[in-house]
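Inspection log for the structure reproduced underneath, given as structure tokens.
The values are calculated or read from the model by the stated rules, or taken from the named source; none is laboratory data. Because the structure is a prediction, the values reported are computed rather than measured. Here the Cβ positions follow ideal geometry from the backbone for every residue, glycine too, while neighbour counts run over all protein chains shown.
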């Protein structure tokens, strides 16, 4: 049986958008998933809405709903269209996309909180598998959530949990507390090793059970996030500046702008014409490809990242960039085209 | 900060743009060749894929030595990106996709049917994916910090476990396809002497017809097979003529009738091949370029659906045991098989 969402995808167009029933369905699912993740009590900034101080703010939910619709339907439209052409419904698809939307926003806008939770989740899963702990109150296909409880002893299930202040005091008393705080917000082995130490410490100190929420909340609070932006070197800012001077711009992050494929092909030909060594030409091709990819993906163009991807030094990349620019500048017509506005990656 | 109306207007623009993009993609697919090409996206119906997940297969490149093989990687719309994943941005024709480079497989061309092609990825993105593949192959690729962190994300681990199962199902599916192709070719070889005979006796069998006959001998369900020769000879009785013409019309591909001309009378014989001939003997086998002695390689069992390749005393394989997957190449008289070996 066709559902409203499926019909919406089949008849997708801007003229009828927004239809209240579709926004209502997506809104309900989004709401319940935010609730499952216990995100309502956190400020909207953790999901990338610093302009709203609370979810009670007018329009705060509208903003996240629009972004969610964009992520779950607009940006994955082709995939959904294929689905509805082969199956009866695409609802499950859209709902999974909504979960992925929240994952992405949490990871992007609250990376330390996201990392701490995922580290705790990974460690508890392992300890549960090996029988070291028991987990109760699993949600959403047996997943660890904030309300999940972790039982550390083999004896009867404890009915009451230690106060948050007790958890806090015990963890703060760990002899490696400083080191733990330095690493716990890093998603990976180090962070997970620290979480395991903390849990073991709780057990040693006689804690029989705890709520995941209490552990996560304290670790988040204790490891105050220091926003370490990747330093913008002069080279990188020059790079971005020069690129924008070439009028390669995205218009408001929507679809867009230049005939990137045409530009790509054109500069490729210029590179091939060069009398340079094969290796240099190959490097130029790689640099061009990386720049065009980043442009299409709306990513920042940073020398150090590109150098890392290509496996060359930043100074080499800088020299190549100068050469590439000189080639691109011979393509004035193309750059004029690029300056028009929206970028469209055309079929190459 | 945008107003409500501005937000809605922005989204409307995006919807228009996506609808146009979808149209362009349809046009691009329509004008593309039917045969698989680099950048093509296929969708296979594999049972291992959970109901609400779509796993696409994207062709990255053709095998340099065997043009019938394509290196194909699975892809999906989950934004989680590990070290061996490459994301295709939403600005591409198909929209957001994550290519899982670490799970790629060589797939033969006969697995790609035009009806399963659902999209394509632009050369720009395929070029980049190939470059990253080359760095992975040289062990030079470490990915970004974010990608490294994602590897430790339990959601990602769970997602990739699902992918392992999907790839396992794809390997099984591919092996079945390879077995069928191999079997069909063997059957074709088995009936070749009869075709040669028919060629001597039938006036109208040209090389072209012979080629077509060979093509015919890759049937969808090759359980029973009969050969049919060329057009009806004037010596044939009217009834036989009608019968033969009817046979051709009703079953242009199968069954195929084989005729013998004796004197001035055409006899119609049917060669029913009910049992497949033994599988082709192995000519040579290598694993990652290291030769495996031919006497250690054999097809241990064979029935209409399954063939088992056994390799004995193979130190190369023992060394490779720890590896997640190893590619073994086996060359027979008729074709080269590429087989992944999974650890025990």
Residue list for the range A:105-124, filter: surrounded by fewer than 17 Cβ atoms within 10 Å (Cβ to Cβ) and either farther than 30 Å from residue A:75 by Cβ or within 10 Å of chain B (Cβ to nearest Cβ) (or both): A:108
Subset of the range B:127-153 (residues that are surrounded by 21 or more Cβ atoms within 10 Å (Cβ to Cβ) and more than 30 Å from residue A:111 (Cα to Cα)): B:127
Residue A:103 outside any loop (DSSP other than H, G, I, E, B) and without any contact (Cβ under 8 Å) to a residue 12 or more places away in the chain: yes
Count of the range A:164-196 residues which are assigned to a helix (DSSP H, G or I) and within 14 Å of another protein chain (Cβ to nearest Cβ): 9
Some residue of the range B:2-13 being over 26 Å from residue A:62 (Cα atoms), touching a helix residue (DSSP H, G or I) at 6+ places or on another chain (Cβ under 8 Å) and surrounded by 16 or more Cβ atoms within 10 Å (Cβ to Cβ): no
Residues being at the interface with another protein chain (Cβ under 8 Å from one of its Cβ atoms) and more than 16 Å from residue A:80 (Cβ to Cβ) - total across the range B:76-87: 2
Condition met for residue A:135 (away from chain B (no Cβ under 11 Å), surrounded by fewer than 22 Cβ atoms within 10 Å (Cβ to Cβ) and outside any loop (DSSP other than H, G, I, E, B)): yes
Single condition residue B:48 does not satisfy, out of (1) in contact with a strand residue (DSSP E or B) (Cβ under 7 Å, 6 or more places away or on another chain); (2) more than 13 Å from every other protein chain (Cβ to nearest Cβ): (1)
So residue A:38, is it more than 14 Å from chain B (Cβ to nearest Cβ) and within 19 Å of the chain's Cα centre (by Cα): yes
Residue match in the range B:55-75 (condition: within 12 Å of chain A (Cβ to nearest Cβ), free of Cβ contacts under 8 Å to residues at least 40 places away in the same chain and farther than 18 Å from residue B:124 by Cα): no
Residues of the range B:34-43 classified as within 13 Å of another protein chain (Cβ to nearest Cβ), outside any strand (DSSP E or B) and surrounded by fewer than 20 Cβ atoms within 10 Å (Cβ to Cβ), total: 2
Residue in the range A:308-319 that is within 22 Å of residue B:84 (Cα to Cα), surrounded by 18 or more Cβ atoms within 10 Å (Cβ to Cβ) and away from chain B (no Cβ under 11 Å) present: no
Failed item, numbered, when residue A:17 is tested on (1) more than 17 Å from the chain's Cα centre (by Cα); (2) crowded, with 18+ Cβ neighbours inside 10 Å; (3) in a helix (DSSP H, G or I): (3)
Check on residue A:326, over 29 Å from the mean Cα position of the chain (by Cα), surrounded by fewer than 17 Cβ atoms within 10 Å (Cβ to Cβ) and either in the same structural domain as residue A:75 (by TED's automatic domain parsing) or modelled with pLDDT of 80 or more (or both): no
Which listed residue, of B:108, B:114, B:89, is under 20 Å from residue A:99 (Cα atoms) and assigned by TED's automatic domain parsing to the domain that holds residue B:148: B:89
